[in-house]
Amino acid sequence: MAVLFPGLRATAKWLKSQPASPLAAFGGGIPSFNMKPSMLPQHAALGHIRLVHAAGDKSRPGNGTGPRRLPFATVNEQDLDYFRRLLPGRTITDPDLLQSGNEDWLKSVKGSSEVLLRPQSTEEVSQILRYCNERRLAVNPQGGNTGLVGGSVPVFDEIILSTALMNQVMSFDHVSGILTCQAGCVLENLSSYLEEKDFIMPLDLGAKGSCQIGGNVATNAGGLRLLRYGSLRGTVLGLEVVLADGKVLNCLATLRKDNTGYDLKQLFIGSEGTLGVITAVSILCPRKPRAVNVAFLGCSTFQQLLETFQCCRGMLGEILSAFEFLDSACMRLLEKHLKLVNPITESPFYIVIETAGSNAAHDEEKLHNFLETVMESSLVTDGTVATEDAKIKALWAMRERVTEALTHDGYTYKYDISLPVEKIYQLVTDMRHHLGDRAKNVVGYGHVGDGNLHLNITSPTKDPALLAAIEPYVYEWTAGCRGSISAEHGLGLKKKNYIYFSKPPEAVALMGNIKSMLDPHGILNPYKTLPDNLR
């Protein structure tokens, strides 16, 4: 069960007079202890944005919004014969089998691809792209298809190139902790592989059971451990990438330091498959911590939550590995749709804190001192601590399963915003005021440690009028705080036309030049990442 550390009993006794919270889920615990977007940057002016609320027609994607189909070739029988010879038994044309690859996880974007290719090697990917480039056939690279911005599925009839069968670990260095693997390795499988060797992946995501490391790198996924281990731009040491013309760029280095020329791998991290297809990854993995603790705490105000974060960073220091939050609206959805039980007394805000270190006694003392401080100062009103693996997972579920709970609440409009930490929740508050009763629910959760808010708005059904009220308001608000409209999900199809709210025209134009140089025929993941009105 979730338990108090022995050293925390004195702290608990101090609060004995306060009402205790029933911990039905864990059997124990700690006793109760309007911004206006008028000052937008010039590059974010609405004249630079083409809103995508147009009515559907046959030249537009299945969801009735977005760009018109570009003049790519269409797949014919001769093409299928070539693919079948190259990939016997791995060229999929059955409409029933294609359905899952044509639709994103949120069921908000649906393409009409008629062929899915499943290569097993870099050489096969190279031959596929060489052929498609010559034929002017558009290609949609796809990993686990867990993306949230429509970047992982076709917009029209692009060929789906799945990396699912490229799932082999190529090498692991037990001394340096450097793992080299194919791009289709599922994140959770890599975590299990490393755990047996006393290491962990530096990346942890709620979608770890199905997302693939190549897709993680292509979208520069952040996740729950970024506070401790940093972003993939730092932990990825090397990449193997197949370019649009089929050439293989082998930058699969396993060196911590290499200062020879341009760091080309950074071009492909976060490029969402528009510059090349990642086929292999070298990544630096930390040692598995010997002592892990998770605290689930309640706060009365977001200001108290921020003060708790400041205190946490100062007192837990090197053992702090995660500091996540969710609001009471998220908790209600978890209780209603997933039947999860709130482990503490109802609070306006909830915090998940994870510590990871090498000395259990040392970590226990630091955590005890921190909890004593935040309770005595009334920053935290209630909480519970878990030390056993099963209970740790149960507490983490309160944060990781929010996305799942939202899928049961209706159609969800999802926004992944990076803001100054002190501004994170103000956007949620202002959005609720802005929408009034037009939305079913407006909820906020995310990564406090790196200023990343996940703003989610639900409606009984897909509602163009509601979307028009949300966008571009959410992006104007974000630009007014000098934030980013995409912290970790990427731009994909849904956000590409709002890129100017976060990047100046000169930067976007340079991105377009890089795309034209590496993919002159534009076959790689077209209609994604870069805006329609690129100039």
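The values are calculated or read from the model by the stated rules, or taken from the named source; none is laboratory data. These numbers were taken from a predicted model, which means no experiment stands behind them. Cβ placement follows ideal geometry from the backbone for every residue including glycine, while neighbour counts extend to all protein chains displayed. When the accessible area is computed, the model is the full protein with side chains, heavy atoms only, and any ligands, DNA or RNA have been set aside. Shrake-Rupley method; radii C 1.70, N 1.55, O 1.52, S 1.80 Å.
A few comments on the model shown:
- Residues of segment 502-525 that are out of contact with any Asp or Glu (no Cβ under 7 Å at 6 or more places or on another chain), under 30 Å from Gly206 (Cβ atoms) and open to solvent by less than 10 Å² (accessible area, probe 1.4 Å): Leu524 alone.
- Only one of the numbered conditions (1) over 14 Å from the mean Cα position of the chain (by Cα); (2) farther than 20 Å from Arg401 by Cβ; (3) open to solvent by less than 20 Å² (accessible area, probe 1.4 Å) is violated by Val442, and that is (2).
- Unique match (being within 23 Å of the chain's Cα centre (by Cα), assigned to a strand (DSSP E or B) and assigned by TED's automatic domain parsing to the domain that holds Thr387) among Phe325, Phe309: Phe325
- Checked against (1) in the same structural domain as Tyr475 (by TED's automatic domain parsing); (2) within 17 Å of Ser300 (Cα to Cα); (3) surrounded by 15 or more Cβ atoms within 10 Å (Cβ to Cβ), Val352 meets all criteria but (1).
- Filter result (open to solvent by 10 Å² or more (accessible area, probe 1.4 Å) and either within 14 Å of Gly298 (Cβ to Cβ) or among the aliphatic types (A, V, I, L, M) (or both)) within segment 337-349: Leu338, Leu340, Val341, Asn342, Thr345, Glu346, Pro348, Phe349
- If the condition is being assigned to a helix (DSSP H, G or I) and under 23 Å from Gly276 (Cβ atoms), then segment 192-220 contributes Ile213, Gly214, Gly215, Asn216, Val217, Ala218.
- The selection criterion, being open to solvent by less than 30 Å² (accessible area, probe 1.4 Å), assigned by TED's automatic domain parsing to the domain that holds Thr381, among the hydrophobic types (A, V, I, L, M, F, W, C) and farther than 19 Å from Val374 by Cβ, holds for Leu334.
- Selection from segment 187-198 of residues that are surrounded by fewer than 20 Cβ atoms within 10 Å (Cβ to Cβ) and not charged (D, E, K, R): Asn189, Ser191, Ser192, Tyr193
- Given (1) closer than 20 Å to Val109 by Cα; (2) in contact with a Phe, Trp or Tyr (Cβ under 6 Å, 6 or more places away or on another chain), index of the condition Thr219 fails: (2)
- Each residue in segment 115-130 was checked for being touching a helix residue (DSSP H, G or I) at 6+ places or on another chain (Cβ under 7 Å) and farther than 12 Å from Leu243 by Cα, and 5 pass.
- Options Gly238, Gly261, Gly223; residue that is outside any helix (DSSP H, G or I), farther than 22 Å from Gly147 by Cβ and open to solvent by less than 10 Å² (accessible area, probe 1.4 Å): Gly238
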